[in-house]
Amino acid sequence: MSEQDSPTDQPPVRVETAGAVATVVLDRPAAMNSMTTATKVALLAALEQVAADDTVRCVVLTGTGRAFSVGQDLREHAEVLGSGDLSSLWATVPTHYNPISTLLATMPKPVVAAVNGVAAGAGASFAMAADLRLLGASAGFNLAFTGIGLSADSGATWYLPRLVGGGRAMDLLLRPRTVRAEEALAIGLVSEVVPDEQLADRAAEVAAALAAGPTLAYAAVRRAVAYSASHDLPASLAHESEQMTATGSTRDHAEAVRSFLAKQKPEFHAR
């Protein structure tokens with residue numbers, strides 16, 4: 001157990017709700033929101049909670065302090081590495097990291113990453129798993145894996161090429177460095193750059209707008225984009241047709257059409 005995870009400490013992850021938006025907060029600022037086993041377990045549980053909650057229509061993931069998350073807690077990592085129990089050391093990838101990344105990318109509601117500080121290693125992967133990334137002006141990304149002699153995990157090799165292109169992704173993975181806000185926006189790694197002091201409010205604003213939108217359609221779009229990444233055009237077109245049939249049969253769609261014809265603003269209820 002590291003100093004930051006003593007029994008008297010606050011939980012490493014907390015969930016805050018405001019209306020239909022749930023904000024999952026990584027809350028180990030003294031350790032730059034690094035991932036101990038306890039933190040990974042708590043994060044996965046929090047994400048499972050908000051994913052299953054039908055009253056939550058949009059999820060925000062953020063951190064406290066000067067980091068979003070720097071990935072694996074290397075103090076805990078070194079302790080386990082020194083014990084020689086390598087099987088338990090690497091079991092954390094399929095047991096914790098992969099389920100967290102998968103849930104962020106596939107839950108049936110939009111996910112916004114409010115990147116308040118450095119996002120490194122798995123922390124960067126978690127941010128890339130979100131639909132939108134809002135970046136504080138002083139924050140940045142670092143694909144730090146090879147810098148400590150490791151390959152990448154948590155979906156970094158899947159998300160990064162799709163966001164910035166294969167060549168640039170290889171450069172950032174093989175020669176890790178901090179990608180600052182201006183460059184991150186220019187290469188498509190983030191959706192917006194926001195002054196640090198405005199990040200939380202802007203994330204809440206974006207999330208509230210998404211939560212008021214057609215979340216069933218958003219979920220279908222998430223599924224379609226993921227499907228098209230590993231299927232050819234004919235299969236992707238067929239899958240799109242299925243999603244169109246499903247969303248076209250909803251009350252949300254009927255209400256949106258009625259509102260359009262009546263020149264009114266539609267209200268969506270995920271039905």
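Some points to look at:
- From most to least packed by mean Cβ count within 10 Å, the peptides 206-213, 54-61 give 54-61, 206-213.
- Long-range tail of P(r) for the stretch 40-149 (Cα pairs > 24 Å, %): 27
- Sorting 35-48, 158-171 by their mean Cβ neighbour count within 10 Å, with the most densely packed peptide first, gives 35-48, 158-171.
- Cα gyration tensor shape for the stretch 113-271, rounded if a/c is under 1.5, else prolate or oblate: oblate
- For the chain, convex hull volume per residue from C-alpha positions, Å³: 141
- The amide H of residue 61, built 1.01 Å from its N in the peptide plane, has 24, 112, 113, 114 as neighbours under 5 Å, considering only residues 5 or more places off or on other chains.
- The chain: angle of helix 251-261 to the longest principal axis, Cα-based, in degrees nearest 10: 60
- Per residue, the convex hull around the alpha carbon atoms of the stretch 215-261 comes to 67 Å³.
- FRET E, pair residue 88, residue 224, Förster distance 35 Å, beta-carbon r, rounded to 0.05: 0.40
- Note that the stretch 137-154 has calculated 3J(HN,Hα) couplings of 4, 9, 8, x, 10, 9, 7, 7, 3, 5, x, 10, x, 10, 6, 9, 9, 6 Hz, one per residue in order, obtained from phi through the Karplus relation 6.51 cos²θ - 1.76 cosθ + 1.60 (θ = phi - 60°); glycine and proline are x.
- As a calculated quantity, the FRET efficiency between residue 14 and residue 237 at R0 = 30 Å, using C-beta atoms, amounts to about 0.10.
- When both the stretch 72-138 and the stretch 139-178 are represented by their alpha-carbon centers, they are found 13 Å apart.
- Computed about its Cα centre, the charge dipole of the chain is approximately 640 debye, with only Lys, Arg, Asp and Glu carrying charge at their Cβ.
Only the coordinates and a few stated rules stand behind these numbers; no lab work does. In this text, all values refer to a predicted model and were calculated from it rather than measured experimentally. Neighbour counts are summed over all protein chains in view; Cβ atoms, including those assigned to glycine, are modelled from backbone coordinates with ideal geometry.
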